Structure formats: structure tokens, C-alpha cells
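In what follows, a single structure is set out as C-alpha cells and then discussed.
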Amino acid sequence: MVSLEEFRAYRSPLKDFYDGKYVLLTGGSGFLGKLLIEKLIKCNVAEILLILRRKKGLSPADRLEQLLGSEAVFVNYAEDPQLYLSKIRLIEGDISEVGVGIANDELRYIYEQTNIIIHAAADVRFDESLRESVQTNVRGTQEMLMIAEQCQKLEIFTYISTAFSHCVLGVIEEKFYEPPFDPTVLIKVSEKEDDSDNFELLSKKIIKPWPNTYAFTKSLSEEIVRRYKTRLPVAIIRPSIITTTLADPIPGWTDNLYGFNGVVCGAATGVLRIFHIHMDYKASVVPADTVINATLAVTWYSANHRGEDNVFNCTTDDNPVTWHETQLQLEQWKDRVPFDKSLWITTYNTTRFKLVADILSIFYHVLPALFFDALLKLRGQKPQVLKLYRKVHRFSAVLRFFTNNEWCFRTGRMRRVLDAMASEDHKFFPCDAKAIEWNDFLDHQIKGLRQYLMRDPWSTLEKSLRRHRLRTFVHRCFIGVLYAGMLYVAVTLLHGYGFIDFEGLQENSAEECLVEGVV
């Protein structure tokens, strides 16, 4: 990990670009937003104008205090809280509201001070209603661009999209694409309260062939950005499947179970035991810190190349890894770093056939869930395992499209950014996919998921190992008894239908003994 002092001591055009700048940030309470806050403070920005809404009865100030104090990613907060508090100006607002719900006096401050806008806020739920997704992802982007138009000192507006916004294509170029619908029309339709029910009934037809509302609305929001490119300096960065950090600011950090994180956690905790996936396909996963550093590099590059179509794919196609390779590496840790909060031992089976996955889920998920729930009932506890597996199946169904298809992401423009960076930038803003050592990354990931996501401290590791060994022994005994029982049933049936004659075997054995006695 690079220290704050070491980071601030070096100089480069990329790093100096952020020094003393006012950065308006949305999505600061999200996964990428937290990492952006940490990195921007390291870059010595003048101020982060952080848009936060009230949530669950907490004010933006309360949420910020809770955020900074609870996440390990803010590596210097415990020693120097003022380092963060002095750099963050809270602005109450909600990206899903018209005008982002920002008060007029705060808007004036934004218009007068903002140099850079990084729009990272989004509704990332794949199963969200189309209406909510449109209002947050599409209208929210439009509202932020309208604010950007009024900023007197704006140098660049960067929008974090997704590489799968155009997932209906086999090859995804670094360019703007024609949208499937006119986004402004869809915004207007989503705002009509009296048509909301009909709107949702038609949503599956509207988004087809996109797999979910998230990818669909991201494609529409990119079109909104494109329409402003003649009026504003804009950039779009499209990361693929974002997972834990590689090293910056700490290895293996994450705060969510989305995507690949959920698959690994599900398998590691013994919950996800069968998964529909084509193991020979590329795993389009990318470390979160690669995305953050690429976003800051793209923002700097685009501010200095305003005449270009600044659309960049942030993927690992230059250094691909298959799903099978990730599984092999992660399986090496199943007997060394077991999760304390687990249902059973790690047993991860895969198939690329949907029907097979659905049938096996009955035996690997449903029947064990009924068994565990029965045990809970006997102990006077509330049954909850079957309910858990309903969520697991919904999660698996959502990911099915991405684990059984493969894409080619062009990265020529991203390589231009990498080539423009100074040599030291590759140390302090590492974002070159070619430099990722997958074995190291996957090792950090499994440890990070245990520590940061499952909240299993390392002090519990020895206890977890003892329980894991006991469960492994019980599991193998159970499998042995099960297979022995199945063999017994099979032999009994074959004997009953005359395929095996035990009496004949006994007669032959007696004759052999008689012959041996005569000899």
C-alpha cells in the first residue's frame, strides 16, 4: 500500500490535474464512491462536493460520519479524521429527484466552484422496476448534465457506465451507440403516475433483448451524455464486472455481494452448490481499484482531449482469465481459509446446461434446505434456509446471462490513456489490465471477502478450521453412507429382476472349493 506521504511527494501531469480542484461526486456512499473519496483526498483536491440523501432516518451528516468510521477503505481516518472532514462538503440531494433535490444556495456554490463532475450514482439492482431505473439512471444523468451546463469552471464531466450497456452485441467498441429508445420519451412516460402499472407490464417487452433494467437504462443514459457532448466536455468509462480491490488502498476490499463477489461468497459458505455457467468462457471481472484509477486517468485525459469521442472500456480483455481458471485458484483456499459464517463446506458444482442446473438445484439446494429447516424447527428456531435459497435462485437467474455468454471489448482508446500516463503514474494510479497477476488477485479476494464482507476476523480462523475439518469428515461419511445405500438399492433391484444371481455365485464358489480340496 502506498502511503499518503509517498503519494503526495511525487509529481506528474495526471496527479497535478487534481491538486486544488473542486470535484462534484455522486454515488459517494456506494462501492465505487467510497474508493473515489479515498483516492481524491490522496490527490489533494480542494474539496469534494458530495451529494448525499437522507436514508433510513439518517441525515447526510450522520451517514457520512457512519460511512467514514466503519469502512476499512478509509485508511487514514482513524488517525486523522480532519483529513477527510476538511475536504468533504456535504450537499443534500437525491439523484432520482427532479433537479437532484438540491437547495438553491447549494446549487449556486456548485455553479461557481465545480471543476470536475464524476457521476457514479446509479441504481445497480438488476431486478429493479423499469420506472425506478429510468428515473435514477436515465433522468438522474440528465439532471446532472443540466447542472454541469451551469458550472462556470467545468473542465470535464465523467460518467461511469457499464461495459454491458451494449451487451446485446458480440463486440463492444469504444464509441457511442444508437439507443434502443429515445431516452427523453421514456423519462416522460415513467413520470406519468396514472400509467405506471401499464408501464411496468410492458417493461419486459420494452427492454428486450437487454437482460435487465440496469443494462438497458445504462445504454439510454449514455445517449443522454452523447447529446451533451457538443455543449460540454464529457467522458464515459465502461467497467465490466467489478469485484474486490487488488491492492489500492488495501487488498481484497469490498462492501457488496453483487456479481462475482456473490458467487465466490456463496460457494465459500457452502450455500451455492450448483451454478449455471460456461466455465471455458472469459470471466469479464475487473478489480475495483483498477476501475477507480482508470476513471481518474480517463477524466484527466479527456479534459485535455475534448475533441475526441471519449468513450473507454475498462475491462480485462488484454489479460483475460476464464471462469475455470478462477475456480481452480479459489479452490486452493477452501481448506485453508474457511468462512466462519458458513452453512456447510465448500462444494461448488457447475454446468453449462440450464436444465441440468435446475434439476440438480433440487438435490443440492432444495432438499438440504428442507433438512436444515427441519432441524431448526426441532430446536424451536424459525426455519429460514429455504427462504435463503429462494434468494440464491433469484441471484443465479440474474447472473445467468453474464456467465453463459462471452463478449469482446475493444480497448484501443483505453490504451491511449495508459500510454499518455507518466511512468510513475502506473505505480500510483495502477489501471493497466496487463499488469494484473490473477493468482495474487484471487488470493486477496477470498481473504478480503472473509474479512471485509462476511466480517469474520482473523482471530476466528483457528476455530473455523476446526469446525471445517469436522464438517468435512461428517460430509464424507454422509456421502459414503449415501453411495453405499444407493449401491445396495441398485444391487437389490438387479437381483430382484434376475440380472444378478447370488445363488449361482454361491454354487460356483462351492464347486471351486471342492475342486481345490480334491487337488
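Ordered by solvent-accessible area of protein heavy atoms (1.4 Å probe), largest first, the residues Phe499, Phe428 come out as Phe499, Phe428. Over all directions, the projected convex hull of the C-alpha atoms in the stretch 237-349 averages 8.3 nm² in area.
For the stretch 151-198, the residue among Pro180, Tyr159, Leu169 whose Cα projects farthest onto the positive side of the dipole built from Cβ charges is Tyr159. The protection proxy used here, the mean number of other Cβ atoms lying within 10 Å of each residue, ranks peptides 283-295, 476-488 as follows, highest first: 283-295, 476-488.
To the nearest 10, the accessible area of Arg400 is 60 Å² with a 1.4 Å probe. Taken over the chain, the alpha-carbon convex hull comes to 221 cubic angstrom per residue. Ordered from largest to smallest accessible area (heavy atoms of protein chains, 1.4 Å probe), the residues Glu71, Glu462, Glu191 come out as Glu462, Glu191, Glu71. Around the amide H of Gly30, modelled in the peptide plane, lies no amide H under 5 Å away from a residue 5 or more places distant or on another chain. Accessible surface for Asp105 stands near 90 Å², nearest 10, in the context of the full protein assembly shown (1.4 Å probe).
Dipole magnitude for the stretch 1-87: computed about the Cα centre from +1 point charges on Lys and Arg Cβ and -1 point charges on Asp and Glu Cβ, it is near 440 debye. The length gained on full extension between Arg410 and Val185, counted as 0.36 nm times the residue separation minus their Cα-Cα distance, comes to 77.9 nm. Legend: residues His324, His278, sorted from most to least accessible area (1.4 Å probe; ligands, DNA and RNA excluded), read His324, His278.
Rolling a 1.4 Å probe over the protein heavy atoms gives the chain an accessible area of 47 Å² per residue. Relative protection proxy for 149-155, 378-384, from highest mean packing down: 149-155, 378-384 (other beta-carbon atoms within 10 angstrom). For the stretch 361-494, the convex hull spanned by the alpha carbon atoms encloses 227 Å³ per residue. Which one of His365, Trp438, Cys408 is farthest out on the positive end of the charge dipole of the stretch 337-493, using unit charges on Cβ (Lys, Arg +1; Asp, Glu -1) and the Cα centre as origin? With unit charges placed on the Cβ atoms, the residue in question is His365. Computed from phi, the 3J(HN,Hα) profile of the stretch 159-173 under the Karplus parametrisation 6.51, -1.76, 1.60 (θ = phi - 60°) reads 10, 8, 9, 9, 4, 9, 5, 10, 5, 6, 9, x, 10, 10, 7 Hz, with x in place of Gly and Pro.
Solvent exposure of Val474, expressed as accessible area, is near 70 Å², computed with a probe of 1.4 Å over the protein chains only.
Rg/Rh, computed from the Cα trace of the stretch 230-291 with Rh as the Kirkwood radius, has the value 1.11. For the stretch 332-384, the alpha carbon convex hull comes to 95 Å³ per residue, rounded to a whole number. Between 0 and 90 degrees, the angle of helix 288-303 with respect to the longest Cα principal axis of the chain falls at about 30 degrees. DSSP beta bridges fully contained in the chain are about 5 percent antiparallel.
Set Lys and Arg Cβ to +1 and Asp and Glu Cβ to -1, take the dipole of the chain about its Cα centre, and tell me which of Val2, Ile118, Leu24 lies farthest positive. Of the options given, the answer is Leu24. With Cα atoms as the point set, the radius of gyration and Dmax of the stretch 188-254 evaluate to 17.4, 50 Å.
Give me log10 I(q)/I(0) at q = 0.15 Å⁻¹ for the stretch 323-428, Debye formula, one equal scatterer per alpha-carbon, no solvent. Evaluating at q = 0.15 Å⁻¹ gives log10 I(q)/I(0) of -0.88. Please work out the FRET efficiency for the pair Gln150 and Val491, using the Cβ-Cβ distance as r and a Förster radius of 60 Å; give the result to the nearest 0.05. For Gln150 and Val491, the calculated efficiency is 0.15. About the centre of its Cα atoms, the chain shows a dipole size close to 860 debye [charges on the beta carbon of Lys, Arg (+1) and Asp, Glu (-1) only; nearest 20 debye].
The radius of gyration of the Cα set in the stretch 35-104, together with its Dmax, comes out at 12.7, 39 angstrom. Residues whose amide H lies under 5 Å from that of Cys314, counting only those 5 or more places away or on a different chain, are Arg238, Ser240; hydrogens are built 1.01 Å from N in the peptide plane.
Rounding to the nearest 10 and keeping the result within 0 to 90°, find how far the Cα-based axis of helix 385-403 lies from the longest principal axis of the chain. With rounding to tens, the tilt is 70 degrees. From the Cα gyration tensor of the stretch 129-225, with a ≥ b ≥ c the square roots of its eigenvalues, which class applies: rounded if a/c is under 1.5, or else prolate if a/b is larger than b/c, or else oblate? Because a/c hits 1.5 or more and a/b fails to exceed b/c, the stretch 129-225 counts as oblate.
The values are calculated or read from the model by the stated rules, or taken from the named source; none is laboratory data. Keep in mind it's a predicted model, so treat the numbers as computed, not measured. In this analysis, Cβ positions are derived from the backbone assuming ideal geometry, glycine residues included, and neighbour counts consider all displayed protein chains. Keep in mind that these areas ignore ligands, DNA and RNA; they rest on the heavy atoms of the full protein, side chains included. Shrake-Rupley method; radii C 1.70, N 1.55, O 1.52, S 1.80 Å.
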